[in-house]
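A short write-up of the structure that comes next.
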Amino acid sequence: MSKLLTELETRQKLLRFARRIGAEADLRHLFDKWDKLIALSPLSEKFEMVKMAILEVQDLLDIHAEENEGLTINGEVIVPAKINNV
């Protein structure tokens with residue numbers, strides 16, 4: 001099992017990838033937008049907004065979680081992994 005990355009490590013990794021594909025400015029814009037929105041939102045809405053932000057980042061970077069391990073946030077499966085019937 002691999003070590004879980006911190007939020008900062010994850011952002012840096014995503015920014016390096018975005019730079020390689022020419023989407024760094026767009027990703028920085030998304031980070032800024034969601035950081036502001038989440039900071040201003042009521043506590044009861046923060047988790048849903050975090051999920052939306054992550055899904056928007058994945059969409060921008062063309063990351064397909066279902067083709068890998070899926071996407072789980074804080075123990076909740078957001079995007080289930082695709083099961084290969086071999």
Just to be sure, is Ala25 part of a helix (DSSP H, G or I), exposed (fewer than 14 other Cβ atoms within 10 Å of the Cβ) and of a type in the set (Gly, Ala, Ser)?
-> yes
What are the residues in region 8-64 that are under 20 Å from Asn74 (Cα atoms), touching a residue at least 12 places away in the same chain (Cβ under 8 Å) and charged (D, E, K, R), if any?
-> Arg11, Lys51, Glu56
Collect the residues in region 35-63 that are surrounded by 12 or more Cβ atoms within 10 Å (Cβ to Cβ) and either basic (Lys, Arg) or assigned to a loop (DSSP other than H, G, I, E, B) (or both), keeping them in residue-number order.
-> Ser41, Lys46, Lys51, Leu61, Ile63
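Throughout, read-outs are computed from the coordinates displayed, never taken from laboratory work. This one's a predicted model, so the numbers in the text were calculated from it and none came from an experiment. Neighbour counts are summed over all protein chains in view; Cβ atoms, including those assigned to glycine, are modelled from backbone coordinates with ideal geometry.
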